[in-house]
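Readers should treat all values here as calculations from the given coordinates under stated rules, not as data from a laboratory. Predicted model, so just to flag it, every value in this text is computed and none were measured. A quick note on method: Cβ atoms are made from the backbone with ideal geometry, for glycine too, and the neighbour counts reach across all protein chains shown.
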Amino acid sequence: MKKTFSMMLMMCCTAALMLVSCNDDNSGNTMSDSDAKITIDEMQGTYQGVLYAKIDSRDTMKINLTCVVDSVIKLQFPDTLLANTTSNRALQMALNAANDSRELKAEYLMGGWYDSNHTTTFIYLFPQSIVKENLLVSDTHHKVTFAFYTGVDSPGLFFRQSGALNFEMTVGGIYYDDKLQSDLNRRLTFYFKGTKLRHSTQDV
């Protein structure tokens, strides 16, 4: 299922890039400024869903959480998932012991309509870094920063009819005390799949 989801996002990315190069196409696929505003208004709200990663063809622990969308996308990113980004056992233990979370904010841009019925919209995310201040690693406090890839490397889909929001975010670097470390456990991608709560106060 996750492979299918990733393939869908890659296909949508390709479609969006093709649409950018075909601004004179009158098929209705190109998103205007007014289209983007309408879609952003529709996308805003609270989503109930699951956040997870995939390692060696297996899903990691799945975390049920809510994601809030207004001018940015916001979710509480748990340390228990973040621990999977590193091969450093001491850092893994520190993150699991902390058992905390930090709000992650991601700006987003509309990438254009995906189909002529205007039902699915492609988005690009620009997530902030996750910074863990004074994290106790092997009896020493460190500032540990988890930096995400942005833009094309953080795609998402908003399904207008169902109110579903899917996106992925990939950790691309780990810094100890602002120095880049080499113990990143591959380019680990996290996936969120959620559905908008219709009773959200933001929809009233």
Taking max minus min of the Cα coordinates of region 45-204 on each principal axis, largest first, gives extents in Å of 55, 30, 29
Sketch the reach of a paramagnetic label on residue 42 as a point 7 Å from Cα along Cα-to-Cβ, and name the residues of region 149-182 whose backbone nitrogen lies under 13 Å away.
158-165
Skipping prolines and chain starts, which residues have an amide H placed within reach, meaning under 5 Å, of the one on residue 172, given they are 5 or more residues away or on another chain?
147, 148, 149
Note, residue 167: beta-carbon cut-off 12 Å, +1 each Lys/Arg, -1 each Asp/Glu, net -1
Long-range share for region 62-132, i.e. C-alpha pairs more than 18 Å apart as a percent of all pairs, stands at 53
What is the mean projected area of the alpha carbon convex hull for region 137-201, to one decimal in square nanometres?
7.1
Total formal charge among the other residues, if their Cβ is under 12 angstrom from that of residue 74, Lys/Arg +1 and Asp/Glu -1
-1
If r is the Cβ-Cβ distance from residue 35 to residue 128 and R0 is 35 Å, what FRET efficiency results, to the nearest 0.05?
0.85
In units of 2.2 N^0.38 Å, the Cα radius of gyration of region 110-176 is 1.57
